[in-house]
Amino acid sequence: MEIIPLRQMKKGQSGSIFQVKATGELGRRIREMGLIPGARVTIYGRAPLKDPVAIRVLNTTLTLRNNEAEYIQIEID
Amino acid sequence: MTPPLTMALAGNPNAGKTTLFNHITGARQHVGNYPGITVDHKEGRLVHRSQPITLTDLPGTYSMTAYSAEELVARDYLVNERPRVVINIVDASNLERNLYLTCQLLELGAPLVIALNMMDVAKDRGIEIHADKLEELLQVPVVPIIARSGKGTEKLLDTALQVANQEHKWQSRHITYSDDIDEAIDEMVSLIEQENFLTDLYPPRYTAIKYLESDEQLLTKGGNNDPASSSLLTAIVDNISNHTLKTLEVYPESIIADHRYGYIRSIVRQGVMSQNHDSDRLYTSDKIDKVLTHRLMGPLFMFAIIFILYQFTFSWSELPVGWLENFFGWLAEVAEATLPDGLMKSMVISGVIDGVGGVLGFVPLIMFMFFGIAILEDSGYLARVAFMMDRIFRIFGLHGSSVMPFIVSGGIAGGCAVPGVMATRTLRSPKERMATLLTVPFMNCGAKLPVLALLTGAFFSEHQARYMFFFTMLAWVVAMLAAKLLRSTVLRGAPTPFIMELPPYRFPTLRGLLIHTWERTWQYIKKAGTVILAISILLWAMMTFPELPKEQSAVFSSERDTVIAAYGETVAAEVLNAEKDNLTGNAEQLAEELAEIDSREAEASLKNSVAGRIGTGLVGISWLAGFDWRTNIALVGGFAAKEVIVSTLGTAYSMGEVAVEESESLGKRLQSDPKWNKVSAVAALLFIMFYAPCFVTVVCIAKEASWGWAAFSVTFNTVFAFGLATLVYQIGTLLQLG
């Protein structure tokens with residue numbers, strides 16, 4: 001089992017969130033969108049310039065910037 | 001009649017809240033802004049079972065933190081107004097995420113009814129929700145609805161009325177947040193109850209939770225209200241924070257969030273939701289995304305779609321704009337023919353009719369633009385645009401959504417900053433929005449084009465197209481750099497988190513689009529219209545008063561008499577009576593000479609007016625950038641509307657009113673003026689592109705942000721433009737490039 005930041009995941013790759021390191025407003029925004037430990041995440045795609053990244057979580061598509069995705073640690077399947 | 005019951009509508013963005021609101025209240029809505037911030041405050045009235053109801057549409061939010069204006073508005077409304085019922089709209093196809101807000105509403109102790117929306121979408125996705133089970137577990141009434149078709153809304157209102165008529169105590173729902181946290185909460189609650197700490201506003205448990213989440217608004221309120229108790233509570237929070245940081249490496253805040261989701265999951269798993277088929281299936285929406293956000297095709301489609309929106313806004317609105325222009329032109333003619341000559345007539349025509357015409361002239365533009373943007377927004381495409389453009393705009397401290405306002409304002413030459421400024425409403429990040437708002441007026445709007453055409457035509461006629469393209473690109477570069485400058489000075493600060501939802505594509509409802517468009521347009525007419533009219537009259541007065549002294553106008557009169565006498569009575573009579581184009585020989589000459597005298601008188605009056613005096617007075621500094629008094633007056637006039645620069649320059653050069661479309665003669669006149677050369681033309685061009693926005697835009701900035709920001713925009717842009725023009729003029733003159 002490998003743990004990497006969400007930022008480094010490739011398109012189509014899935015895993016579950018291990019830890020969210022962000023605090024403050026960013027941390028709260030991440031959590032309120034359902035990105036909490038245990039949540040299943042799949043990389044949906046990346047913007048034409050590779051950033052931001054789009055992910056599937058809890059039946060919805062979310063997008064966040066790469067530097068925001070850096071804070072989310074994923075346990076890869 | 002019984003007094004109206006107050007109800008509030010809360011829910012996530014994209015959960016169908018606005019659709020439900022429109023369905024329930026129809027056209028009986030009232031939109032207003034909360035004072036000082038631009039969060040819409042929508043209220044609708046309805047009568048259900050002969051009970052009048054006032055329904056407030058709270059801003060769509062994912063939670064109720066104190067970070068954004070929308071969330072504070074929603075929270076303060078609930079706390080201060082204590083509506084009898086809160087209808088919480090929940091997207092059934094996305095139950096867990098939506099219930100997060102529900103949890104917070106329960107913690108606040110609000111009397112809830114859940115409207116379980118989009119049951120049809122959920123079903124299509126193979127998700128089945130058992131509403132009765134959810135109701136049982138949450139202990140809150142749950143009514144399945146389909147907001148788009150209105151299915152279930154009758155029952156929803158029935159249930160809401162029932163809840164409203166019950167006694168309700170605002171009491172926090174108990175959700176467990178782990179032993180450590182719960183222990184701290186209990187300790188805090190007993191302290192809060194003992195000291196009656198903020199208990200008139202919030203349930204004690206809620207206050208405790210917000211302290212643990214280090215919620216800024218509550219901490220400030222508590223600190224002001226009862227500093228001693230507040231610091232005791234903070235001490236408990238610090239204590240538990242240290243503990244959780246040491247043992248779990250997290251703040252209590254994230255433990256609370258995790259447990260809220262844990263609570264939701266435990267409810268959902270107890271038979272509320274059953275998934276019938278694979279959740280990884282590709283839905284239509286995902287298939288569309290495969291094309292529309294594709295690495296290569298995505299941007300191509302985006303440029304095409306934006307271009308179509310642009311064409312739609314500016315080309316299609318030409319027809320209604322033309323009608324309005326004709327109507328006001330006709331009105332001016334009627335006034336011209338019926339009113340006696342004099343100041344009154346001049347004010348009615350140049351002040352009132354032009355002013356009202358000016359206000360209403362923008363209405364078709366605003367309607368078309370908001371209709372177009374509403375389609376993009378309601379369909380879910382606007383979020384994709386932000387997704388694709390963010391990487392570029394982020395460099396300058398802006399947001400992916402900034403692209404739309406820039407394009408509308410003239411990113412493709414010929415836009416208009418008025419709808420552009422209003423289009424910044426689609427941005428939810430406050431700092432990024434403000435930076436966008438303040439820099440969109442740098443783009444080359446349609447009104448600047450005739451001025452640019454005049455100057456490039458006169459001094460760079462051989463490469464005019466190339467120069468026009470260059471100036472369009474230059475506007476982009478300058479706007480982006482200015483945004484970066486603002487974001488590193490007056491608007492500095494970390495970027496607002498970008499994280500957002502890419503909602504599934506949906507067909508917008510016509511009703512929703514029309515309501516949205518009408519709301520925006522009406523707000524413009526009502527709020528900006530009156531101010532614009534007043535300023536229009538003021539500007540007219542500035543360019544008219546004081547009038548030419550009697551002696552001076554007498555000089556022009558006697559000149560006229562002399563000329564007429566020289567040609568004789570019969571010729572003069574012909575000039576007076578015949579059509580202008582049918583004059584013969586001498587009469588034509590006389591008419592020309594008279595027109596020449598009129599033009600000189602107009603020049604003299606303009607120079608003598610307040611605007612003229614300002615222009616003359618400014619020569620003291622404006623010579624630095626190579627502007628003489630004539631240019632200055634034209635620039636002052638340009639504050640009314642940029643295309644006015646051409647006609648004012650015409651008057652200042654004794655050429656009478658120069659039609660905007662036929663300015664070649666003015667161009668020739670400038671070419672032959674020794675004060676004008678290529679360098680001064682470029683300096684003037686740059687100044688005109690970047691100086692103070694026209695006052696209609698300024699009023700819109702004031703309405704969207706504040707009068708302070710509007711004043712800032714006028715000053716900042718003018719100083720910036722003047723600096724740039726001076727630099728170019730001085731260096732250019734030094735190098736003798738002219």
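The values are calculated or read from the model by the stated rules, or taken from the named source; none is laboratory data. Here the structure is a predicted model, which is why all the values come from computation and not from measurement. Cβ sites come from the backbone with ideal geometry, for glycine too, and all protein chains shown count toward neighbours.
Data for the structure
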{"quantity": "From the options B:Ser230, B:Ser254, residue that is under 20 Å from B:Leu105 (Cα atoms) and part of a helix (DSSP H, G or I)", "calculated": "B:Ser254"}
{"quantity": "Out of B:Ala692, B:Ala652, B:Ala684, sole residue that is more than 30 Å from B:Ile597 (Cα to Cα) and in contact (Cβ under 8 Å) with a residue 12 or more places away in the chain", "calculated": "B:Ala692"}
{"quantity": "B:Ile308 being surrounded by 17 or more Cβ atoms within 10 Å (Cβ to Cβ) and either assigned to a helix (DSSP H, G or I) or out of contact with any His (no Cβ under 8 Å at 6 or more places or on another chain) (or both)", "calculated": "no"}
{"quantity": "Where B:Pro441 falls short, out of the listed (1) without any contact (Cβ under 8 Å) to a residue 60 or more places away in the chain; (2) more than 14 Å from chain A (Cβ to nearest Cβ)", "calculated": "(1)"}
{"quantity": "Only one of B:Phe393, B:Phe442, B:Phe387 that is surrounded by fewer than 24 Cβ atoms within 10 Å (Cβ to Cβ), among the aromatic types (Phe, Trp, Tyr), more than 15 Å from the chain's Cα centre (by Cα) and modelled with pLDDT of 85 or more", "calculated": "B:Phe393"}
{"quantity": "The stretch A:1-40 - residue that is of a type in the set (Ser, Thr, Tyr) and either touching a Gly at 6+ places or on another chain (Cβ under 7 Å) or in a strand (DSSP E or B) (or both) and, of those, nearest to B:Glu249 (Cα to Cα)", "calculated": "A:Ser16"}
{"quantity": "From B:Ile181, B:Ile209, residue being within 14 Å of another protein chain (Cβ to nearest Cβ) and either among the polar types (S, T, N, Q) or in a helix (DSSP H, G or I) (or both)", "calculated": "B:Ile209"}
{"quantity": "Pairs where the first residue, in the stretch B:239-264, is free of Cβ contacts under 8 Å to residues at least 24 places away in the same chain and the second is buried (at least 21 other Cβ atoms within 10 Å of the Cβ) and not in a helix (DSSP H, G or I), C-beta under 6 Å, 6+ apart", "calculated": "B:Asp258/A:Ile36"}
{"quantity": "Subset of the stretch B:167-190 (residues that are of a type in the set (Lys, Arg) and either surrounded by fewer than 14 Cβ atoms within 10 Å (Cβ to Cβ) or more than 43 Å from the chain's Cα centre (by Cα) (or both))", "calculated": "B:Lys169"}
{"quantity": "Residue within the stretch A:60-75 that is in a loop (DSSP other than H, G, I, E, B) and over 12 Å from the mean Cα position of the chain (by Cα) present", "calculated": "no"}
{"quantity": "From the options B:Met434, B:Met468, B:Met422, B:Met404, residue that is farther than 20 Å from B:Arg520 by Cβ, part of a helix (DSSP H, G or I) and among the aliphatic types (A, V, I, L, M)", "calculated": "B:Met468"}
{"quantity": "Among the residues listed as A:Glu2, A:Glu75, the single one being farther than 27 Å from B:Arg125 by Cβ, acidic (Asp, Glu) and more than 7 Å from every other protein chain (Cβ to nearest Cβ)", "calculated": "A:Glu2"}
{"quantity": "Qualifying residue in the stretch B:484-497 (condition: of a type in the set (A, V, I, L, M, F, W, C), farther than 30 Å from B:Val451 by Cβ, within 14 Å of chain A (Cβ to nearest Cβ) and crowded, with 17+ Cβ neighbours inside 10 Å)", "calculated": "no"}
{"quantity": "Test: residue in the stretch B:305-315 that is more than 23 Å from the chain's Cα centre (by Cα) and either within 11 Å of chain A (Cβ to nearest Cβ) or without any contact (Cβ under 8 Å) to a residue 60 or more places away in the chain (or both)", "calculated": "no"}
{"quantity": "Extreme residue, surrounded by the fewest Cβ atoms within 10 Å (Cβ to Cβ), among residues of the stretch B:198-256 that are within 21 Å of A:Ala22 (Cα to Cα) and of a type in the set (Phe, Trp, Tyr)", "calculated": "B:Tyr251"}
{"quantity": "Among residues of the stretch B:536-577, those that are surrounded by 14 or more Cβ atoms within 10 Å (Cβ to Cβ) and part of a loop (DSSP other than H, G, I, E, B), counted", "calculated": "1"}
{"quantity": "Selection status of B:Ala115, more than 14 Å from every other protein chain (Cβ to nearest Cβ) and small (Gly, Ala, Ser)", "calculated": "yes"}
{"quantity": "Members of the stretch B:112-127 that are outside any helix (DSSP H, G or I) and either buried (at least 16 other Cβ atoms within 10 Å of the Cβ) or modelled with pLDDT of 90 or more (or both)", "calculated": "B:Leu112, B:Val113, B:Ile114, B:Ala115, B:Leu116, B:Asn117, B:Met118, B:Arg125, B:Ile127"}
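Every residue, every condition in (1) modelled with pLDDT of 95 or more; (2) more than 7 Å from every other protein chain (Cβ to nearest Cβ), yes or no:
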site: A:Lys11; (1), (2): no, yes
site: A:Gly15; (1), (2): yes, yes
site: A:Gln19; (1), (2): no, yes
site: A:Gly38; (1), (2): no, yes
site: A:Leu49; (1), (2): no, no
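This table checks each residue for (1) assigned to a helix (DSSP H, G or I); (2) more than 30 Å from A:Thr63 (Cβ to Cβ).
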{"site": "B:Gly322", "(1), (2)": "yes, yes"}
{"site": "B:Glu336", "(1), (2)": "yes, yes"}
{"site": "B:Gly351", "(1), (2)": "yes, yes"}
{"site": "B:Met369", "(1), (2)": "yes, no"}
{"site": "B:Ile375", "(1), (2)": "yes, no"}
{"site": "B:Gly397", "(1), (2)": "no, no"}
